[in-house]
Amino acid sequence: MSARRSQNNANKDAARLRSDLNDLKTNAHKVEMLGASGDDVIANEFDKLKPVEQSVAKLGINPSSFKPIAFLNNGHYEQLISANMLDDDLARRIEAYRHVATQDGVKA
């Protein structure tokens, strides 16, 4: 027996997707309006970061986003490391992320 989604749930999902798309369009428009000067500002700020912080910035993740399920993330990460299942570059970036997240007062 299969369970079908109710029309109400489908409408909620569609509304959420439309909202997300509108947010993306708005952000893209803002970036376009900044033009080259905005790119220069971003590049200058990026260059001011330490190499470890640059690695984290390339991931595009806010350091505080690691906090809510840190115990689960840490356990899974340790399993992946012990089984040697992570790419060296990814493991290096995760370690950089953990370092920066810990500096910002977030226990990683």
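The values are calculated or read from the model by the stated rules, or taken from the named source; none is laboratory data. Predicted model only: the values in this text are computed from it and were never measured. Neighbour counts are summed over all protein chains in view; Cβ atoms, including those assigned to glycine, are modelled from backbone coordinates with ideal geometry.
Quick notes on this structure:
- The residues in the stretch 63-93 that are in a helix (DSSP H, G or I), under 15 Å from the mean Cα position of the chain (by Cα) and either loosely packed, with under 14 Cβ neighbours inside 10 Å or modelled with pLDDT of 85 or more (or both) can be counted, and the count is 4.
- In the stretch 1-41, of all residues being touching a helix residue (DSSP H, G or I) at 6+ places or on another chain (Cβ under 8 Å) and farther than 28 Å from Gln103 by Cα, the one that is modelled with the highest pLDDT corresponds to Val31.
- Residue pairs meeting the criteria (Cβ under 6 Å; at least 6 apart or on separate chains; first under 20 Å from Arg98 (Cβ atoms), in the stretch 42-64; second at pLDDT below 70 and among the hydrophobic types (A, V, I, L, M, F, W, C)): Pro63/Val106; Ser64/Val106
- Pairs linking a residue in the stretch 71-98 that is free of Cβ contacts under 8 Å to residues at least 24 places away in the same chain to a residue that is part of a helix (DSSP H, G or I) and surrounded by fewer than 11 Cβ atoms within 10 Å (Cβ to Cβ), with Cβ atoms under 9 Å and 6 or more positions apart or on different chains, are Met85/Gln79.
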